[in-house]
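Taking it in order: structure first as structure tokens, then the write-up.
The values are calculated or read from the model by the stated rules, or taken from the named source; none is laboratory data. These numbers come from a predicted model, not from an experiment. All Cβ positions, even for glycine, are placed from backbone atoms using ideal geometry, and neighbour counts span all protein chains on display.
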Amino acid sequence: MRAEKLISPYIKTDTEITLMEKAGRIVAEVHMLLSKYIKPGIKTIELDQIAEDYILSKNARPAFKGYIVDKRKYPNTLCISIDEEVVHGIPSERQLEEGQIVSIDCGVEKDGYYGDSAVSFPVGKISLEKQKLLEVTEQALYEGISQAIQGNKIYDISRAIQNYVEKHGFSVTRELVGHGIGKSLHEEPPVPNFVPLLLHRNRYPNVKLINGMALAIEPMVHMGAKEVITKKDYWTVCTADKSPAAHFEHTIIVNNNKPLILTMRD
Ligand code: MF3
Ligand code: CO
């Protein structure tokens, strides 16, 4: 997300958590379904259609379709980002190719509550270094989630992700961050994947974590340098050095020492 358009953070009731669980489950099911279709030759617009049909069949709504950022409506159900594309790639007639990594981000609204999750998949056989990038990014997500416990603060999540990624020689995106989630796709607080510089700390308040907070934690990791550019389509964010990137995201609830992962796949 981009760090505007946020509403106050709030603590979800058990009833709300149950509703979020339903939205999160549909998101997880979309990823499990799509994993069967990730092969060389499939067009990214075909993946988008499969996801949209599935979400509608569950009486839910694709949360990204029509979502407005900077006065522009996002046109599709999924964001599909390939290799040096970090996030917000728009589905198209482009076909997947052997050796690529493809990041798929999906948001669902069901009965007024949201779930949001991203997964990066290998297309066929990929290089060892791309495999490492996928493993480190997914593990960075779990390192962050493990810090999402009552009594900790947002920067504990941020620090765990950043340290894990940088220890492995990769870098985290600075321009995009995780977010609170619930009755909106994007709520307070922002969840950066890096500990903000002193000068930027008012943009990312180090909020204390309380049981019942719902967060979308989403490390975006580059094999090379941290800088990004946005393509002329106004959406697709790419690494500036064209190095490959990966993105994993879960929607979680802070719950004592064990965060609930609402978008867990089987
Ligand atoms: N998961 C991304 C985020 O939280 C999603 C989408 S942006 C949209 O920013 F504009 F495409 F909806
Ligand atoms: Co998100």
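Scanning for something in a strand (DSSP E or B), more than 12 Å from ligand 1 (Cβ to nearest atom) and in contact with a Cys (Cβ under 7 Å, 6 or more places away or on another chain), does the stretch 218-239 turn up at least one residue? So far as the stretch 218-239 goes, yes, one or more of its residues are in a strand (DSSP E or B), more than 12 Å from ligand 1 (Cβ to nearest atom) and in contact with a Cys (Cβ under 7 Å, 6 or more places away or on another chain). Going through (1) more than 26 Å from residue 256 (Cβ to Cβ); (2) within 16 Å of ligand 1 (Cβ to nearest atom) one by one, residue 196 falls short only on (2). Scanning the stretch 221-266 for residues that are acidic (Asp, Glu), out of contact with any strand residue (DSSP E or B) (no Cβ under 9 Å at 6 or more places or on another chain) and either at pLDDT below 95 or within 16 Å of ligand 2 (Cβ to nearest atom) (or both) yields nothing.
The residues in the stretch 164-217 that are surrounded by 15 or more Cβ atoms within 10 Å (Cβ to Cβ) and in a helix (DSSP H, G or I) can be counted, and the count is 3. Between a residue in the stretch 166-184 that is touching a residue at least 40 places away in the same chain (Cβ under 8 Å) and on the phi < 0 side of the Ramachandran plot and any residue that is basic (Lys, Arg) and within 13 Å of ligand 1 (Cβ to nearest atom), which pairs come within a Cβ distance under 9 Å, given they are 6 or more apart or on different chains? Pairs that qualify, where the first residue is touching a residue at least 40 places away in the same chain (Cβ under 8 Å) and on the phi < 0 side of the Ramachandran plot and the partner is basic (Lys, Arg) and within 13 Å of ligand 1 (Cβ to nearest atom), are 175/2; 176/2; 177/2; 184/5.
With respect to the conditions (1) in contact (Cβ under 8 Å) with a residue 60 or more places away in the chain; (2) acidic (Asp, Glu); (3) more than 13 Å from ligand 2 (Cβ to nearest atom); (4) within 22 Å of residue 37 (Cα to Cα), residue 105 falls short on a single one, namely (3).
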